[in-house]
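Please treat every number below as a calculation from the coordinates, not as lab data. Treat the numbers as computed from the prediction; the structure is a model and nothing was measured. Neighbour counts run over all protein chains shown; Cβ positions are idealised from the backbone, glycine included.
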Amino acid sequence: MLDLQATSLKVIQNQLYVLDQTALPQQEIWVHCQSVPQMVSMIQQLQLRGAPAIGIGACLLLAVLAEAGAAQQQLQQAAITLRAARPTAVNLMNNIDVMLTALAQPDYQSACIAAASQLFAEDVALCQRMAELGAELVQSGDRILTHCNTGGLATVGLGTAFGVIHQAHRQGKAIQVWVDETRPLLQGGRLTAWELGQQQIPYQLICDNMAAMLMAQGLVDKIFVGSDRIAANGDFANKIGTYSLAVLAHYHQVPFYVVAPYTTVDLNCPDGAAIPIEQRNASEVKGVSGAFGQVSWAPEAAEVYNPAFDVTPAKLVTGWVLDTGVFNQQQIAAGALQRQPG
Ligand code: MRU
């Protein structure tokens, strides 16, 4: 029987609980997730969010349903439904494909539980590895800018870009973090600020449109961001606003790093143009909602364009911090994203 605990997901006595990230930081509410439609809705509403976390959360639901005795066909259908919950983060598809292989076996129930447990443990290890590799790039005194939330809430381990920051802090390096608030859904202002505060890592919150001025004034030493999907040529999708940061970093000659595990790599996408970009509801741009309620400021009839992610071209990236190492543009072009067997 599974018994697992992460920042945003836990399984206790075969019951799955998800920390509702839309209520943070005002309230910490654990929601008992019991069905596929409920999990799909939680992923779509961003109650559970972050590329690795949605992948693992979906797999844990399959595992608890298997443990509760669900039939093979029912689980296979559930996996297919969960796989389509959100379109951009490829971790969800990659993880569910592992589960579908397990579910095709004669002992599908135990195979499914073992596969979910293994994916959970693997994500913890991948985060740790990236954190160690990325922290080598950080020097004491660095002022690091990050975007969106890439921490324990977005993974089941230390996080991706956040893990690098966390590891550098644990090593005793005196770092200062600039946190982009990350409009429209404020993952930086609500979630990264909350996680940095918990770890007692010094930070200052900024509006997204302040990053240019900070870089012009020489106040940003490095930028670390996560990713929802990395294409074969190294282009990558991440939270909307990441591309602007990469352009600014290039202009101001600030090193710009993307941090992601192999579960975020999609070699079926030759380049960033092939990455599907989720379009979201107009209400997210016309106002904000949260534990405090809904506030709207735009005219009711305002037309809105609301892509959840953008694509940063490989040519703007200084380095890719993967679980297998830190790679530059030449190494990525030479195939560093191809996973070596074993
Ligand atoms: O829409 P979200 O909040 O799920 O977007 C999350 C991000 O863009 C993260 O940067 C990405 O998932 C990498 S985090 C490990």
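Based on Cα contacts under 8 Å between residues 6+ apart, the chain shows a relative contact order of 16 percent. All C-alpha pair distances within segment 175-313, sorted into 5 Å bins from zero, spread as 2, 9, 16, 19, 19, 17, 12, 5, 1 percent across the bins.
Here segment 263-332 has an Rg and Dmax of 18.0, 49 Å, counting Cα atoms alone. Count Lys and Arg as plus one, Asp and Glu as minus one, and take only other residues whose Cβ is under 13 Å from that of Val311; the net charge is then -3. Restricting attention to segment 188-342, close to 65% of DSSP beta bridges with both partner residues there are antiparallel.
The longest part of the chain holding none of the exposed loop chymotrypsin sites (Phe, Trp or Tyr not before Pro), meaning those outside H, G, I, E and B in DSSP with at most 16 other Cβ atoms within 10 Å, is 1-291. Seen against the Cα atoms of the chain and their longest principal axis, helix 72-83 is set at about 20 degrees. Between helix 51-67 and the chain there is an angle of about 10 degrees, using the helix long axis and the longest principal axis of the Cα atoms.
Each Cα pair of segment 1-43 feeds into the Kirkwood radius, which the Stokes-Einstein equation turns, at 37 °C and 0.692 mPa s, into a diffusion coefficient of 303 µm²/s.
Separation of segment 272-328 and segment 3-30, taken as the distance between their Cα centroids, equals 24 angstrom.
Here the chain is treated as a Stokes sphere of Kirkwood radius computed over C-alpha pairs; at 37 °C and 0.692 mPa s its diffusion coefficient rounds to 163 µm²/s. The angle separating the long axis of helix 242-252 from the principal Cα axis of greatest extent in the chain is about 30 degrees. Applying the criteria of a DSSP loop state and at most 16 other Cβ atoms within 10 Å to the GluC sites (Glu not before Pro) of segment 281-342 yields Glu300, Glu303. Across the options Ala102, Ile54, Ile80, the greatest Cα extent toward the positive end of the charge dipole of segment 43-131 (unit charges at beta carbon of Lys, Arg, Asp, Glu) belongs to Ile54. If only the Cβ of Lys and Arg carry +1 and only the Cβ of Asp and Glu carry -1, the dipole of the chain around its Cα centre is close to 240 debye. Given the chain, what percent of its DSSP beta bridges are antiparallel, to the nearest 5? If I count the DSSP bridges inside the chain, around 55 percent turn out antiparallel.
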